[in-house]
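Reviewing the structure listed below.
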Amino acid sequence: MNLALFDLDGTLLPGDSDHAFGQFMVDIGWADAATWQARNDAFFRQYQAGTLNLAEYIEFATSVWRSRPLAEAEAAHRRFMAEVITPMIHPSALALVAQHQQAGDWVAVVTATNEFVTAPIAQAFGIAHLLAVQLERDVHGHATGRIAGVPTFQAGKITRVTAWLASQGKTLADFDDVVFYSDSTNDLPLLERVRTPVATNPSPALKAIAQERGWRVLNLFTEAA
């Protein structure tokens, strides 16, 4: 049995769902276009540079919707899925996921984007296992703006994958192969840990590392999976 792990943004999706959801908050009038959008863009640049303070970003990114009734936030997310995410989902990405599922592999999304944004996206790909940034909730179930537990970011992805497998009575060593698809150098810790790292739609920095180390490079949206 094999294990297939997928980063989400830039990997299975040709865009970034976290940044796009922030832009959607601006588009529907929940966030100020002048100030909030500029800060959202600045955080995204920090992520790309590998310098993101994730706790600060989560507090900021959830601030627009977490004070609203949950039903209202969920309705906005359904619009986001229909208007933004569904058009992003490529047949090649769906086919790659299906290839692993049909082979009987364990399949999971491991993403640094929070669970509120990503749970419906993982469902759209037919992936049952989602390891995302968990949001702390108050006694009423409302997001507080803080992270719960270890975030699935950089080396935290190893910690969360290890804990998830342990909850299933497994370790990475129990699989014949462990493959991880990612586009970002933020994911180097997990890419270096698995047996088969695949630089998928890689950033220039990750592409250079992959070529130096002999890793497979997959341009998912321009070639057959």
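Among the residues in segment 49-56, are any under 23 Å from T152 (Cα atoms), of a type in the set (V, I, T) and either open to solvent by less than 60 Å² (accessible area, probe 1.4 Å) or without any contact (Cβ under 8 Å) to a residue 40 or more places away in the chain (or both)? Please lay out each step first, then the result.
As a first pass, look at segment 49-56 and keep what is under 23 Å from T152 (Cα atoms): 49-56.
When the remaining residues are screened for being of a type in the set (V, I, T), the result is 51.
Now restrict to residues that are either open to solvent by less than 60 Å² (accessible area, probe 1.4 Å) or without any contact (Cβ under 8 Å) to a residue 40 or more places away in the chain (or both): 51.
Among the residues of segment 49-56, at least one is under 23 Å from T152 (Cα atoms), of a type in the set (V, I, T) and either open to solvent by less than 60 Å² (accessible area, probe 1.4 Å) or without any contact (Cβ under 8 Å) to a residue 40 or more places away in the chain (or both), which makes the answer yes.
For every residue, the table says whether it meets (1) under 24 Å from V194 (Cα atoms); (2) touching a helix residue (DSSP H, G or I) at 6+ places or on another chain (Cβ under 9 Å); (3) of a type in the set (A, V, I, L, M, F, W, C).
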position	(1), (2), (3)
A112	yes, yes, yes
V117	no, yes, yes
A124	no, yes, yes
D138	no, no, no
A148	no, no, yes
F153	yes, yes, yes
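Where in segment 1-93 are there helices (runs of 4 or more DSSP H), lying fully within it, with 2 or more residues that are out of contact with any helix residue (DSSP H, G or I) (no Cβ under 9 Å at 6 or more places or on another chain) and of a type outside the set (V, I, T)?
On the way: elements: 17-27, 35-49, 54-62, 70-80.
Ranges flagged: 35-49, 54-62, 70-80.
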- Is it the case that some residue within segment 203-224 is open to solvent by 40 Å² or more (accessible area, probe 1.4 Å) and in contact with a His (Cβ under 9 Å, 6 or more places away or on another chain)? yes
- Message: All but one of (1) open to solvent by 80 Å² or more (accessible area, probe 1.4 Å); (2) under 23 Å from G10 (Cβ atoms); (3) of a type in the set (S, T, Y) hold for S67; state the number of the condition that does not hold.
- Response: (2)
- Here are some conditions: (1) without any contact (Cβ under 8 Å) to a residue 60 or more places away in the chain; (2) closer than 19 Å to F153 by Cβ. R79 meets all but one. Which one does it not meet? (2)
- Query: If you take the residues of segment 140-153 that are free of Cβ contacts under 8 Å to residues at least 40 places away in the same chain and either out of contact with any strand residue (DSSP E or B) (no Cβ under 8 Å at 6 or more places or on another chain) or within 27 Å of G214 (Cβ to Cβ) (or both), which of them is surrounded by the most Cβ atoms within 10 Å (Cβ to Cβ)?
  - Reply: V150
- Task: Kindly indicate whether any position in segment 162-185 is open to solvent by less than 70 Å² (accessible area, probe 1.4 Å), among the acidic types (D, E), touching a Ser or Thr at 6+ places or on another chain (Cβ under 9 Å) and at pLDDT 95 or above.
- Result: yes
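Quick check: anything in segment 160-180 closer than 24 Å to A55 by Cβ and in contact (Cβ under 8 Å) with a residue 60 or more places away in the chain?
Narrowing segment 160-180 to residues closer than 24 Å to A55 by Cβ: 160-164.
Checking the rest, the ones that are also in contact (Cβ under 8 Å) with a residue 60 or more places away in the chain come to 161.
Yes, segment 160-180 contains at least one residue that is closer than 24 Å to A55 by Cβ and in contact (Cβ under 8 Å) with a residue 60 or more places away in the chain.
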- Note on the structure: Conditions (1) under 11 Å from T113 (Cβ atoms); (2) at pLDDT 90 or above -> Y47 fails only (2)
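Can you find a residue that is closer than 22 Å to T196 by Cα, surrounded by 19 or more Cβ atoms within 10 Å (Cβ to Cβ) and out of contact with any Lys or Arg (no Cβ under 7 Å at 6 or more places or on another chain) anywhere in segment 74-85? Walk me through it before giving the result.
Kept after step one, since they are closer than 22 Å to T196 by Cα, are these residues of segment 74-85: none.
The answer is no; no qualifying residue exists.
The values are calculated or read from the model by the stated rules, or taken from the named source; none is laboratory data. All figures in this text were calculated on a predicted structure; none of them were measured in a lab. Here Cβ is always computed from backbone atoms with ideal geometry, including for glycine, and neighbour counts include all displayed protein chains. Side chains are part of the model used for accessible areas, which takes the heavy atoms of the whole protein and leaves out ligands, DNA and RNA. Shrake-Rupley method; radii C 1.70, N 1.55, O 1.52, S 1.80 Å.
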